[in-house]
Every structure is written in C-alpha cells, then in structure tokens.
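Colleague: Pasting a structure below so you can have a look.
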Amino acid sequence: MARSDCAGLRDRRGGICAVCQSNRCAVGPDRGGLCLSAVVEWSALTVVVAVLIMVNGLWISGGAATAVLGLFAPAVPQSVPPQHWVPKGKTAVLIALCGEAPGPLAAYLNSFARGLGAVGLGREATVFVLSDTSGTSQIAAEEAALANLIAQGRIVYRRRTENINRKPGNIADWLNTHGSDYEYMVVKDADSRMTPDSIKQLTWQLETRPGTGLLQAAIALIPGRTRFGRHQRISSRLLGRAFGRGFAAWSGKAGNYWGHNAIMRVAAFRSAARLPRLSGRAPFGGDLLSHDFVEAAWMRRAGWDIELAPDMRGSAEDAPQSLQEFFRRDRRWCQGNLQHLRLLASPGLHPVSRMHLVTGAFSYLSAPIWLLLLLLLSLGAISVSNYASIALVAVVLLMPKLCALVDLLPRARTIWRRRVILRAWLSELALSTLVGPLISLRHATSVGSILIGQDCGWKSGRKPLVILPAGWSEVAVGLVALALALSSPNTNALWLAPVIAPLLIAPLLMLLLNGKPA
C-alpha cells in the first residue's frame, strides 16, 4: 500500500481512517501516514497468495522440468529378440470388457490373433476376454460378436455373473483360476490396441530383465473421429515423446502403471492383487477407483522394478471424442486419485511411488487453487504489475510445447515436414489455450463435489439432478469473473482475457470441437 499523509487517510469530520474505517488505527505523521491494520490485512493476503502461487508454480515447473529432461535424455535402447526366439514361459493377453461396443473389439481381435501366429507367439500366447458386461441385450450382442472367435479357439471368453471389485476383481479372478499356467500377463482395455510385434518385444524385454516386474509401454492415440479427438492425438504426438523420456529418466526403476498396455510378471502382480479397501464411505472410502498407481507402488514395495518403455511403438488407445465424455472420465479419475492421498503413509513404499500418488492427486488439486487465484485477480486483490514474473510463468507453461518443437524440427528432413510440424504445433497451442480454462474449471468442480461427499461411482450412468446445456456452466463462471473484474478499479481485465474469453464461448467451443473434422 502506498504511503500518504494523515490528512489523506483521515476523514476530517470524524477522524475516521478511510482505509480501515477506524479512529484507533496507527495512522499519523509519526508513522509515515501508514495504516498498520490495513498493512497487516494485506500482508496476510499476500502470504496466502504467495503460497498458492508457489504450490501451483512447483506443479507446472515439474511438468516443464520433465519435458526438458526428456529433451536431453538418451533414447532407451530397444533390444530386438533373435529371429527364432521362443519365450521360456507362456503369456496371457487379458482384455477387460465392461459394456463397451463389442464390434470394433471383435474385428481387432480377429487380426490380432492371426498376427500372434505370424510373429511366432501362436502357441505361447493366449487371448482372454474377461467380461463384466451386464444387461441382457448387451450380453447377447457381446456374445454374438465374439462367437466366431470363441468357436475357432482364438480367444478364451469368460463373463462374470457378479461384478465384484470391478476391473481389479476381474483380473484377480483370472489370476486365481489361470494365473499359475502363465509366466507373463499383458493387460489391455477394450479400447486399447497393441500389435503382435509389440507383445513380442515386451515379452523379450521382460524375459531379459529378471528384476523387472512390470514394463509399461508408451501409449499413442488412435486417430480421432472428432475435432476434439484429433486435437488430443496431435497433442500426444507432439508432446508425448519428450515427456515420456523425461518421465522414464527421473522415475527410473520406480516407474508407474497406467492400467493397460503393459506387460508384467504374474508373480509380481500377485504381490499387488489384493488392493486395500479404504475405510468409510465413498468418495474417499470404499474400493479404489484408480487402481493402477497403487498396483505399481505395491509391486515396487515387493522389490520388483517398474519401468517405462517410452519409445515403444505399436501401442495405442482410444480417447474421449467429446469434451463431455472427457469430463465424465476425468471425474472418475479425480475421485480415484484423491483416494490415493489416504495411502501415502502406507509402510514400505518407495519415495518415488509416493511421489506418483501425490502428483496424481495434485493434477486435480491444482485446479481449485487456479480458480481461487482467478477470483482474487478478478477482485483486484492481486496486483498484476510485475511483467517479468508474468513472462516467467508463460515460459514455464510453454516449456513442454517448446521442447516438443526443439525435439521434432531437427528430425524433419524436408521443408514440407517442418511446415506440417509448425502448423500442427500452432493449432495445438491455440486449441489447448482455449480448452485449458474449461478443463481446469471442471477439475475444480470435481474436487469440490468430492469434498462435499458426492460419489461418481464406476460407470454408474447416474445423472446429476440439474443438467445445464453443454458449456453454460462455464459461461456463468466467466460472466461472474468478468463482472468482478470490471467492477474492481484495481483490476486490469485484459490480463484475465485469456481465461475469461474461453469460458464465455464455451458452448460454441464444445459444439465445434465435438464435430467431425473436415
């Protein structure tokens, strides 16, 4: 707060301080005309704001540092199995199914099963489709789609009558009935894809690393069917390489598991098959909604190495094709990741495993902090005058994208390829800038709903009591932020434009992104 003389701060008629509305504050010439009560109040706010900025700054700096590390990290060597190599043990390919459309899966499995024979794994690998699908019509459609594959012996199909403990229970049930017959297991979801060559490569790498319990393949995205789906794939292709290498470099032998597209030793997974059931009721209690991080931590605690193959090809998954689907999936992930905070004190966990649990939770907890800072900016409680700090924040936010550009451009051998990369990079930057505030706002509301005790369930299909048209809740928040910014004399609304503008056009943005690409 700027200093001023006593006459400027005191009301001449009543001796009331214009700042703190009191006649007993420490304002006067002997104190330089400074209102100490206001100083204490604003100092406390400054400390709170500084802590919030520091916490979120550490979070975004971690992502930037990972990308920079990946830019300079050497490529992980990919050893190739000998021509006539045969695995010493059998491999089970487990595909978890729970109500997904069976048609695309059946078409994929038809070519996948043939491909296993072509790469020499016809007798050493068995495909299991483990279904938790319910509903008479869905079950009938699923069995009809897979009937030919079952009759030809290309897959083993098993459907549980009781969906106990969801996907972890599904895998654990297979482990109890068939696990002793196999040395390795590859876990996939119904919408994830892996080539037979990638299965062979992963099996070879695991066999030559006796201390490794789980090897997670890098996961690309299947070509999108909407503009939003295509945007996600472009982001993955641009940013995934450097980020994956950086993640593998700093996590080392205590890597992570993303729930699918990974191979593991059956013996290693047995040490993580019995997941803890949290005391109390959902959303913080009950079964874990996000089991993969915990399974990796439990395997690492048992002495197994958990590694990432960041340069592995032939591994992909489908992504949500609309922002609404993306938000629904993220709501479930948010609840599962916040549950992980209750496991941080579990004895024997590797420090890096604990870090994975913290960073997973903070990927959502950072959003309410962002929203609070946005409101303080709108109210004028935070002065935006330090341009150097603003520039530093912008550089840190852009660092993963800049690393992607530095990584990709030198490897482009023609001018045409460089133009394609630059065009894709600019479009990704523009779209992520527009979509970012929407995702952060939804993350903040997800955290808020969990804190007040709302459970999203697991593919429950429950609907909220009040449903607004797509994007209009974001518009409401944007209007409130804009109104606060315009009503405060201390706020420069231009600084908030990159956040408020996307919120105000959210319905149009969702409509355009959910449409099919040209």
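The values are calculated or read from the model by the stated rules, or taken from the named source; none is laboratory data. Since we're looking at a predicted model, the values are computed, not measured. Here Cβ is always computed from backbone atoms with ideal geometry, including for glycine, and neighbour counts include all displayed protein chains. When the accessible area is computed, the model is the full protein with side chains, heavy atoms only, and any ligands, DNA or RNA have been set aside. Shrake-Rupley method; radii C 1.70, N 1.55, O 1.52, S 1.80 Å.
Colleague: Solvent-accessible area per residue for the chain at a 1.4 Å probe radius, Å²?
Modeller: Using a 1.4 Å probe on heavy atoms only, each residue of the chain averages 50 Å².
Colleague: While we're here: On the accessible surface of region 159-202, probed at 1.4 Å, how many percent belong to carbon and sulfur atoms?
Modeller: Using a 1.4 Å probe with all protein chains present, region 159-202 comes out at 40 percent carbon and sulfur.
Colleague: Sticking with this structure for a sec: R0 = 51 Å: FRET efficiency of ALA302 with VAL396, Cβ-based, nearest 0.05?
Modeller: Step by step, r from the Cβ atoms, then E = 0.85.
Colleague: At LEU379 and ALA141, where each label point lies 7 Å from the Cα along Cα→Cβ, what is the point-to-point distance in nanometres?
Modeller: 5.0
Colleague: In square angstrom, rounded to the nearest 10, how much accessible surface does SER487 have for a 1.4 Å probe?
Modeller: Ignoring ligands and nucleic acids, SER487 comes out at about 90 Å².
Colleague: Which listed residue (LEU441, TRP85, PHE247) has the Cα farthest towards the positive end of the charge dipole for the chain, taking +1 on Lys and Arg C-beta and -1 on Asp and Glu C-beta about the Cα centre?
Modeller: TRP85
Colleague: Could I have the simple spin-label model distance between ARG274 and ILE150, label points 7 Å from Cα toward Cβ, reported in nm to one decimal?
Modeller: A separation of 3.3 nm, rounded to one decimal place.
Colleague: Right, another one. For region 204-274, rounded, prolate or oblate, judged on the Cα gyration tensor with a ≥ b ≥ c (square roots of eigenvalues), a/c < 1.5 rounded, else prolate if a/b > b/c?
Modeller: Prolate.
Colleague: Kindly express, to the nearest 10 degrees and within the range 0 to 90, the angle between helix 36-72's C-alpha long axis and the longest C-alpha principal axis of the chain.
Modeller: In the chain, helix 36-72 runs at an angle near 30 degrees to the longest axis.
Colleague: Subtract the Cα-Cα distance of LEU45 and ARG237 from 0.36 nm times their separation in residues, and report this length gain in nm to one decimal.
Modeller: That works out to 65.0 nm of additional length.
Colleague: Now, a different point. When a/c reaches 1.5 or more, the comparison of a/b and b/c decides; with that in mind, is region 145-278 rounded, prolate or oblate per its Cα gyration tensor?
Modeller: Oblate is the answer for region 145-278, as a/c is 1.5 or above yet b/c matches or exceeds a/b.
Colleague: LEU344 label point, 7 Å along Cα→Cβ, cut-off 18 Å on backbone N: hits in region 267-288?
Modeller: 278-279, 284-285, by backbone N distance to the label point.
Colleague: Just the Kirkwood number for region 61-147, please: inverse of mean 1/r across all distinct Cα pairs, in Å, one decimal.
Modeller: Computed over Cα pairs of region 61-147, the Kirkwood hydrodynamic radius comes out at 16.6 Å.
Colleague: Roughly how many Å is it from the Cα centre of region 164-219 to that of region 240-294, as a whole number?
Modeller: A separation of 13 Å, based on Cα centres.
Colleague: Probe radius 1.4 Å, ligands and nucleic acids ignored: give me the carbon and sulfur share of the accessible area of region 301-353 as a rounded percent.
Modeller: The nonpolar share, carbon plus sulfur, comes to 53 percent.
Colleague: Taking the Cα centre of the chain as the origin and placing charges on Cβ (Lys, Arg +1; Asp, Glu -1), which of LEU504, GLY280, ILE164 is farthest toward the positive end of the dipole?
Modeller: Farthest towards the positive pole: LEU504.
Colleague: Towards the positive end of the charge dipole of region 269-374, with charges on Cβ (+1 Lys, Arg; -1 Asp, Glu), say which of PRO347, SER322, SER290 has the farthest Cα.
Modeller: Going by the charge dipole, the pick is PRO347.
Colleague: Decide, for region 301-431, between rounded, prolate and oblate: order the square roots of the alpha carbon gyration tensor eigenvalues as a ≥ b ≥ c, take rounded if a/c falls under 1.5, and otherwise choose prolate if a/b is larger than b/c, else oblate.
Modeller: oblate
Colleague: I'd like the FRET efficiency for LEU451 and ILE164, computed as 1/(1 + (r/R0)^6) with the beta carbon distance as r and R0 of 25 Å, rounded to 0.05.
Modeller: 0.30
Colleague: Okay, helix-only estimate at 222 nm for the chain: each DSSP H run of n ≥ 4 adds -39500 (n - 2.57), divide by all residues, round to 500 deg cm²/dmol; what do you get?
Modeller: -18000 deg cm²/dmol
Colleague: Here's a follow-up. Report the charge-dipole magnitude of the chain in Debye, nearest 20, computed about the Cα centre from +1 at each Lys and Arg Cβ and -1 at each Asp and Glu Cβ.
Modeller: Using only the charged Cβ atoms, the result is roughly 560 debye.
Colleague: Still on this structure, I have one more. So which of LYS167/LYS516; LYS200/LYS516; LYS167/LYS401; LYS90/LYS188; LYS88/LYS253; LYS88/LYS167 end up more than 26 Å apart by C-alpha?
Modeller: Result: LYS167/LYS516; LYS200/LYS516; LYS167/LYS401; LYS88/LYS167 exceed 26 Å.
Colleague: Now, a different point. Calculate the dipole size of region 393-461 relative to its Cα centre from +1 charges on Lys and Arg beta carbons and -1 charges on Asp and Glu beta carbons; express the result in debye to the nearest 20.
Modeller: For this selection, approximately 540 debye.
Colleague: Between [x] 25.9; [y] 24.0; [z] 25.0, which matches Kirkwood radius over Cα pairs in Å calculated for the structure shown?
Modeller: Among [x] 25.9; [y] 24.0; [z] 25.0, the one derived from this structure is [x].
Colleague: Okay, next question. Give me the one-decimal nm value for the distance between modelled label points at VAL406 and GLN78, 7 Å along each residue's Cα-to-Cβ direction.
Modeller: According to this spin-label approximation, the distance is 2.4 nm.
Colleague: What order do HIS84, HIS231 take when sorted by accessible area (1.4 Å probe), most exposed first?
Modeller: In descending accessible area the options line up as HIS84, HIS231.
Colleague: In the chain, what percentage of the DSSP-assigned beta bridges are antiparallel, given to the nearest 5?
Modeller: Restricted to the chain, the bridges split so that about 30 percent are antiparallel.
Colleague: What full-extension length gain, to one decimal in nm, is calculated for ALA65 and TRP416 as 0.36 nm per residue of separation minus the Cα-Cα distance?
Modeller: Residue separation times 0.36 nm, minus the Cα-Cα distance, leaves 123.3 nm.
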